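The next block holds one structure in the form of structure tokens; read it before the comments.
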Amino acid sequence: MRKFALVAERAVQICPALAAFIFFVSGVVYLCLGHWPVTHLDYWGMYGFALNHTWLESSLLKHGGHSLFFPSFLWLADLRFFRGDQQLLFIAGLTLLFVTTTLLLVPVWRDKTVGLTAKIISVLVVIVGNFWMARSGITASGGFNCICSLVMTGAATTFLLLPKMCASSRRLFSATLIMVCGFVASFSFGAGLAIWPTLLVLAWCLRLPKYSVGLLALAGLAAATVFVLIPPHHLRFQIAPDVAFLWFCRLLGSPVSYAVFSWWPDTLFRDLIASSGLALYAGMVGLVLAAAAILPQIIRRNVQRSSLEFTGLALTVFTLFTFALLVVGRADYFYVNRLVEFPRYLFWSTLFWTGLLLVAVQRAESKQWLRWPVWLLALAVPVLVFPRHYKNGLALRWAMTSAQYGATSLINGVRDEEMVKMVFGHVELGYRVAEQFRTRRLDMFADGLQDWIGLEEENLFGGGHKPEKLKGQCAVTALVQCDNGAPAARIVGQASSHGGSVPKTLVIVDPTGVVRGVARSSTTSRFISRVFYLDKVQRNEFLGYIRDYNPQLHYAVRSADDRTLSEEKIPVVGMTNPAKP
């Protein structure tokens, strides 16, 4: 019997380690191949403001009711020194996500109150909590990930340092770093202000000296005062306590509803999320479990004996205060939209359940009868959430391709609102800021593809051509308008060159050899497509536009990678009975 128990425990060690590896690798791949490649949504407004104001004004003022002082320097530097390259912002955000995960894992491995199995399971919980693709509404955006992960990096650092304030020899150093990280969290996003009440609760549980608690209270009061004084000031609707409680619980329980209903067909998913009370009831259960985990520690004040339990409690308390701020601060937003299970909030609510599971894993170590149920529950979590993980990863790839195509319409100077509606939060604002981007050669205009339009083939790349074995097909799929009102055409096709590779950049030429537009593709390797997307992504599709389109002319497409035109051409097939734009 003892031998069987040892074998079973070894199996439990291997399974979560393997599951954590799969989740981490797949999560990183989905993010790298599906993140936003161009400026998007709220950033058109923020960039439009930054391009017409000083660095200080852009960093100090609130955006959407949030103080984004610290992350703003990342995108302001990107605009100033790196031509608005969203890839760099994505790398910065992903790095911060790695740092946050590492900071949360440090106390897991330092904890001497739990065994190896509990530590491996805790690693799985932290990995799934941070790299679940349901959080991709934030993590797939370089800018948004910089904001929220900077908050979590600051918060995780304070969680790591706060217990050290009990040691008198390092108290001043730890207190200084905690203050700095607390202010970084507070002025990276509005929800970051939740760090101060969290630290006060944790300081009480750790039995910190009164002057340490007072110092934290003063720092929190100073941060809140500065935040309120920063313009502009937003008025919010009053919110009834009962309604606020319901929204609060639905936000907490949304990861459960997203995970469960992802097993249903996609056609039913949104309706089930909107109409089911699962998120509400799951949030209520989570709130009860959180109270059961937190209140005894507030009473007994002995949480310092386990760094794993402390980290779990810290995440739980922090997310509770975060959602309290969100419900109060976004009352008007929830009132208008009625639905509060927005994917962006999963970034925070997932951490709530991560914290509860960490607490459960630690407490199960001291209760033999509870150990296996908690272990099996933790092992079941990645299985339960994997459908949403895969579906969001696949959806990200589609969204990234759509964003790339929307940027292609801007490069060609074409107003194709159907393609840019995903990229722009506000269409007219986006077009206005895009003109400034074109003038300053930022983001999608940085490579100068727009300069190719109107040139003759002989004047493009020195007139050089080389055989590429280019083959494929393409056709006009819609008629739109240029930014000057002239007719334009959207073309979509498939292309491949030697070795089966897909050209990334192509040009469309008229019968006289003049470039009338450019096209771009979003390629995926055969291996990645098969392993991570189950061959459900288009590997060789491209989209482009023809400016000053004349349906009587015959157009053709050439590849233009490595600044060399292909000798081969793909003819463009016109539309049958085209409708006027």
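Name the single residue that is surrounded by the most Cβ atoms within 10 Å (Cβ to Cβ) among those in segment 299-330 being polar (S, T, N, Q) and not in a helix (DSSP H, G or I). Talk me through it step by step, then tell me what you get.
So in segment 299-330, the residues polar (S, T, N, Q) come out as 302, 304, 306-307, 311, 316, 319, 322.
Within this subset, residues satisfying the condition of being not in a helix (DSSP H, G or I) are 302, 306.
Numbers: Asn302: 13, Ser306: 22.
Among residues in segment 299-330 that are polar (S, T, N, Q) and not in a helix (DSSP H, G or I), the one surrounded by the most Cβ atoms within 10 Å (Cβ to Cβ) is Ser306.
Considering only segment 364-471, give the helices (runs of 4 or more DSSP H) lying wholly within it that have at least 3 residues that are exposed (fewer than 13 other Cβ atoms within 10 Å of the Cβ), in contact (Cβ under 8 Å) with a residue 40 or more places away in the chain and among the β-branched types (Val, Ile, Thr). First the steps, then the outcome.
Details: elements: 368-411, 417-420, 427-440.
Those helices (runs of 4 or more DSSP H) do not exist here; none qualify.
If I go through segment 354-411 residue by residue, how many of them are farther than 17 Å from Pro37 by Cβ and of a type in the set (Gly, Ala, Ser)? Matching residues across segment 354-411 total 6.
Scanning segment 256-298 for residues that are surrounded by fewer than 17 Cβ atoms within 10 Å (Cβ to Cβ) and not in a helix (DSSP H, G or I) yields a total of 5.
Of all the numbered requirements in (1) among the charged types (D, E, K, R); (2) under 30 Å from Tyr390 (Cβ atoms); (3) modelled with pLDDT under 90, Arg520 misses one, and that requirement is (3).
Can you confirm whether segment 517-530 contains a residue that is in contact with a Leu (Cβ under 6 Å, 6 or more places away or on another chain), touching a residue at least 24 places away in the same chain (Cβ under 8 Å) and under 23 Å from Trp398 (Cα atoms)?
From segment 517-530, those in contact with a Leu (Cβ under 6 Å, 6 or more places away or on another chain) are 518-519; that's our starting set.
When the remaining residues are screened for being touching a residue at least 24 places away in the same chain (Cβ under 8 Å), the result is 518-519.
Among the residues that remain, those that are also under 23 Å from Trp398 (Cα atoms) are: 518-519.
Yes, there is a match, as at least one residue in segment 517-530 is in contact with a Leu (Cβ under 6 Å, 6 or more places away or on another chain), touching a residue at least 24 places away in the same chain (Cβ under 8 Å) and under 23 Å from Trp398 (Cα atoms).
Looking across Phe159, Phe187, one residue alone is of a type in the set (A, V, I, L, M, F, W, C), touching a Leu at 6+ places or on another chain (Cβ under 8 Å), under 21 Å from Gly329 (Cα atoms) and crowded, with 23+ Cβ neighbours inside 10 Å. It is Phe187. Considered as a group, the residues in segment 240-255 that are surrounded by fewer than 22 Cβ atoms within 10 Å (Cβ to Cβ) and small (Gly, Ala, Ser) include one that is nearest to Pro387 (Cα to Cα), and that residue is Ala244. Given the structure, is Glu309 charged (D, E, K, R) and farther than 30 Å from Cys32 by Cβ? So Glu309 passes the test.
Whenever a residue of segment 479-492 is crowded, with 24+ Cβ neighbours inside 10 Å, its partners that are not in a strand (DSSP E or B), lying with C-beta atoms within less than 7 angstrom and at least six residues away or across chains, give the pairs Ala488/Tyr549; Ala489/Tyr549; Arg490/Asp416. Among the criteria (1) touching a Gly at 6+ places or on another chain (Cβ under 9 Å); (2) part of a helix (DSSP H, G or I); (3) at pLDDT below 85, the one Ala244 does not fulfil is (1). Just for segment 558-581: of the residues that are among the small types (Gly, Ala, Ser) and more than 17 Å from Val515 (Cα to Cα), which one is modelled with the highest pLDDT? Ranking the candidates gives Gly574 first.
The values are calculated or read from the model by the stated rules, or taken from the named source; none is laboratory data. Everything quoted here is computed from the prediction, not taken from an experiment. Backbone-built Cβ (ideal geometry, glycine too); neighbour counts: all protein chains shown.
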